[in-house]
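Below: the structure, in structure tokens.
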Amino acid sequence: MRKLYLLIVLLLVCSIEILAANKPNVTAITEVFGDGQKLTGIILEYPTAINGRKLTKETFEVTDRTILNIYTNDVSEKTKNSKNGKYVIIELDPKDKNSGIFTTAQRGKFNEKKVSLIQKNKIYTTKNTVINPNKEVLTNTSSRDLIVEDFKQFEFKDPKTGLTLGYNLYIPKNYDKNKKYPLVLFMHDAGPTDLKETVVALIQGNGAIVFASPEEQAKHEAFVLAPKYNKKIVDDDGNIDPLLDTTLNLLDYLKNEYSIDTDRLYTTGQSMGGMMSIVMNFRQPDLFAASYLVACQWDPNVVAPMAKNKIWITVSTGDEKAFPGMNAITDTLKKNGAKVAYGSWKGTYSSEEFTKAVKEMEKENANVNYSTLEKGTVIPKDVVETSKGGEHIYTWTIAYNIEGVRDWLFSQSKSKK
């Protein structure tokens, strides 16, 4: 009887322990914010389903990172509704100092997409077995770049200019060639021009990927085009590189390749990209349904042809070039028949405050909306400036997060009176 008893005990012990051989596959998650790409999570894949109710933030310790949330899912995705499954999702604080992969504060430098963690407490499976903690450090063997991974990378060889342009393209997930889709053209600033990787246009900030997020696509299903420039295309002296024409020719090419609504083409850009948008507007004032110009300027003496265009401008009053530059441009537009609405905002507004501020400006029914961010409210409090330009650069970390402006953009159409 004693031997039988010991055998039963041994079987019970074996049934509640999963040995270290069952260690999970580890995948790092990155996301793009206004100030760039950050490592924000971990996906652990186990061979059997995990009981999410018994997980706590103390189950794991992630080296030099803060765990915000931990839960299970039956697919390898972040979710707001946890389900028991073989995937454990660990969400990390994007505000952690070492979260950055490629950010505004460290432009020109890529950090590794590496994370390490240790299991501290028991993990219970749905089969009532247990994965015991141990001292083994787990590291990721792969990574996923959320939303960025939904874009495709291409090269356009322009037969007209003879130039080649790399670009990122988001194609709506349920693309139907029998349906017409709007397209958003995003053009980055001059900062990333020293880097060759096409994907940099997507991760330098959220000016492109914000339009491709699941939430945005649910409201405004659209193509998103983000070219990658390896040199300055326009500058403060008014020089214009032929790649600007290549960008316009790329648009023409895509209009023939896909079912794109030519009445709903939108352009936006920050700094250099915004300047490119201005040039495109006064050269071809009938091309875009609306434009979002962020932290940019141009010679006010040549912008009169765009006076009737639908434009939203966002600039910091502390931006020593863009603020006086856009003041001069809006003055010229008004002299040539534009109706301009003005809004003075703080960069520290909540999303609700921005929404309210946008609606107030929309009441004026102007074709040009000029919103300024108050100096001193743009640069994050934890940022120590090592050189001038923060009021300029940090404008676009705010600008593309303003949902109301994005909604305004998509509400415009050339066919709309």
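The values are calculated or read from the model by the stated rules, or taken from the named source; none is laboratory data. These figures come from a predicted structure and were not determined experimentally. All Cβ positions, glycine included, derive from the backbone under ideal geometry; neighbour counts span all protein chains shown. The accessibility values were calculated without ligands, DNA or RNA, using every heavy atom of the protein model including side chains. Shrake-Rupley method; radii C 1.70, N 1.55, O 1.52, S 1.80 Å.
What to note about this one:
- Only one of the listed residues (364, 391, 374, 403) is farther than 30 Å from residue 106 by Cβ and at pLDDT 95 or above. That residue is 364.
- Filtering region 377-410 to residues that are touching a strand residue (DSSP E or B) at 6+ places or on another chain (Cβ under 9 Å) and open to solvent by 50 Å² or more (accessible area, probe 1.4 Å) leaves 393, 401.
- Scanning region 296-311 finds one or more residues that are part of a strand (DSSP E or B), within 19 Å of residue 274 (Cβ to Cβ) and not basic (Lys, Arg).
- One residue from 127, 109, 113, 160 being over 29 Å from residue 224 (Cα atoms) and either modelled with pLDDT of 95 or more or open to solvent by 90 Å² or more (accessible area, probe 1.4 Å) (or both): 127
- Residue selected from region 318-333 under the condition assigned to a helix (DSSP H, G or I) and under 11 Å from residue 296 (Cβ atoms), by the criterion nearest to the chain's Cα centre (by Cα): 322
- Here residue 184 clears all of (1) surrounded by 21 or more Cβ atoms within 10 Å (Cβ to Cβ); (2) over 25 Å from the mean Cα position of the chain (by Cα); (3) more than 30 Å from residue 64 (Cα to Cα) except the condition numbered (2).
For (1) surrounded by 14 or more Cβ atoms within 10 Å (Cβ to Cβ); (2) in contact with a helix residue (DSSP H, G or I) (Cβ under 9 Å, 6 or more places away or on another chain); (3) among the hydrophobic types (A, V, I, L, M, F, W, C), each residue gets a yes or a no:
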position: 323; (1), (2), (3): yes, yes, yes
position: 329; (1), (2), (3): yes, yes, yes
position: 343; (1), (2), (3): yes, yes, no
position: 346; (1), (2), (3): yes, yes, no
position: 351; (1), (2), (3): no, yes, no
position: 358; (1), (2), (3): yes, yes, yes
position: 366; (1), (2), (3): yes, no, yes
position: 372; (1), (2), (3): yes, yes, no
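- Among the residues of region 194-205, the ones that are open to solvent by 10 Å² or more (accessible area, probe 1.4 Å) and either of a type in the set (A, V, I, L, M) or touching a residue at least 60 places away in the same chain (Cβ under 8 Å) (or both) come to 3 in all.
- First in region 405-417 and part of a loop (DSSP other than H, G, I, E, B), second anywhere and open to solvent by less than 20 Å² (accessible area, probe 1.4 Å), Cβ under 7 Å, 6 or more apart: 412/289; 412/290; 413/289; 414/289
- Residues in region 217-236 that are farther than 13 Å from residue 183 by Cα and not in a strand (DSSP E or B): 9 in all.
- In region 39-98, residue nearest to the chain's Cα centre (by Cα) [restricted to those that are of a type in the set (Val, Ile, Thr) and farther than 19 Å from residue 122 by Cα]: 40
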